[in-house]
Amino acid sequence: MAPTKVLAGARVVLPTGTVDDGRVIVEGTRIAGGGPPGPRPAGGPGEEPAGAETVDVSGHWVVPGFVDIHNHGGGGASFAGGTAEDVLQGVRTHRLHGTTTLVASAVTGDLDFLARHAGMLAELAQQGDIAGIHFEGPFISPCRKGAHDEGLLRDPDPAEVRKLIDAAHGQARMMTLATELPGGLDSVRLLAEHGVIAAVGHTDATYEQTLQAIDAGATVATHLFNAMPPLGHRAPGPITALLEDERITVELINDGTHLHPAALQLAFHHAGRERVAFITDAMDAAGFGDGRYMLGPMEVEVADGVARLVEGGSIAGSTLTLDRAFKRAVTVDGLPVEDVVAAISANPARLLGVDDRTGSLEPGKDADLVILDASFDLVGVMRRGEWVVDPRLG
């Protein structure tokens, strides 16, 4: 059995606040204790066992592992249409950037293909490689299709929604819908009945239609501001409804391309730190580089880290990794570290229903954590007690 690890000397972000010169104790795959420095009573909680391996992380931050609920791939590999090995390659890439829990997102495609692909993703979820499946499309609005193939879009027929839920073998975690389309509200109710998150996105809904979707059971806004009507003073649209309702968690892509910093601040101001979830919406190029890629059936050109459709030029996902989103949130947007931890770990873990296992640094939870230096650059990643990025080798 691996020796107990004690990460010592860091600023540790706990649910109760940040502890300076703190520590985290890891036994096996779990967090055994932590908190401020100083002696512990023999045999008491957090006692450092004899033979523990101490890792000095002085001057660094220790935060919970990141949880990404909306991710299409990375490392040159696609979750939307790739093989099982492709998916694992993408997962490994994002783990190197601090994402210890990841939901694989599909994009619009032929319904039978999506069902078959969901079966493969479900096996990876059952093995613990991914945390479930997010269906983004095909039940979205052609008016706000973004990087989705318009020829494959369809209204959200509850029977077809149920087909994808069944194909996921209990591993469907979220589905993005344009809830104003025929069948949209019934599909939201169906998803809620099956414990699947109904997300409002790629939508042309009005303010009133969005409120109806929330009342029907929708709980997430897919990449708020993007692929939906802008906020208007006479037609407030979905953005206003999603920001003002306490039942909604809003996804934000904090890459400097999808959102102006003022829009991010607006979201935090109105939703509060408990209702924001940072996502990547990453595609194959994340952690890989510029070039041409496929996002489902659509060809994408990535230049200077920005992904756009070759035909039409729409933004096509991102090349973001969550460590970059974290650093930007603190150093550019000026958010408190504790707010960023909530948005990048605790809130998405709670949405997925895995907050009993991850999303915060508490005894008994998985030893999923990230170590950042004083400039908020990533220097260490641990997943379930094993180093993915060892800070001692940097």
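Within region 261-272, can one find any residue that is in contact (Cβ under 8 Å) with a residue 24 or more places away in the chain, in the same structural domain as Gly73 (by TED's automatic domain parsing) and on the phi > 0 side of the Ramachandran plot? For region 261-272, residues in contact (Cβ under 8 Å) with a residue 24 or more places away in the chain, in the same structural domain as Gly73 (by TED's automatic domain parsing) and on the phi > 0 side of the Ramachandran plot: absent. Inspection of region 96-108 finds a residue satisfying the criterion of being out of contact with any Pro (no Cβ under 7 Å at 6 or more places or on another chain), modelled with pLDDT of 95 or more and surrounded by fewer than 24 Cβ atoms within 10 Å (Cβ to Cβ).
The requirement of being in the same structural domain as Glu251 (by TED's automatic domain parsing) and assigned to a helix (DSSP H, G or I) is fulfilled nowhere in region 312-321; no residue meets it. Among residues of region 109-122 being more than 14 Å from Arg173 (Cα to Cα) and out of contact with any helix residue (DSSP H, G or I) (no Cβ under 7 Å at 6 or more places or on another chain), the one that is surrounded by the most Cβ atoms within 10 Å (Cβ to Cβ) is His117. Here Met294 meets each of (1) outside any strand (DSSP E or B); (2) surrounded by fewer than 22 Cβ atoms within 10 Å (Cβ to Cβ) with one exception, condition (1).
Candidates are the residues of region 340-361 that are in a helix (DSSP H, G or I) and not aliphatic (A, V, I, L, M); the one that is surrounded by the most Cβ atoms within 10 Å (Cβ to Cβ) is Ser345.
Of the residues making up region 13-25, those that are crowded, with 21+ Cβ neighbours inside 10 Å and either without any contact (Cβ under 8 Å) to a residue 12 or more places away in the chain or touching a Ser or Thr at 6+ places or on another chain (Cβ under 7 Å) (or both) number 1. Does at least one position in region 236-255 carry a residue that is more than 26 Å from Leu181 (Cα to Cα) and acidic (Asp, Glu)? Yes - at least one qualifying residue is present in region 236-255.
Evaluate the following for Thr219: is it closer than 30 Å to Gly73 by Cβ and assigned by TED's automatic domain parsing to the domain that holds Ile140? Yes; evaluated as a whole, the condition is true for this residue. The set of residues from region 65-83 being in contact with a Leu (Cβ under 7 Å, 6 or more places away or on another chain) and not in a strand (DSSP E or B) comprises Gly65, His72, Ala80.
Inside region 268-286, residues that are crowded, with 24+ Cβ neighbours inside 10 Å and assigned to a loop (DSSP other than H, G, I, E, B) make up a count of 6.
The values are calculated or read from the model by the stated rules, or taken from the named source; none is laboratory data. What you see is a predicted model, and the numbers here were worked out from it, not measured in a lab. Note that each Cβ is placed from the backbone with ideal geometry, even for glycine, and that neighbours are counted across all protein chains shown.
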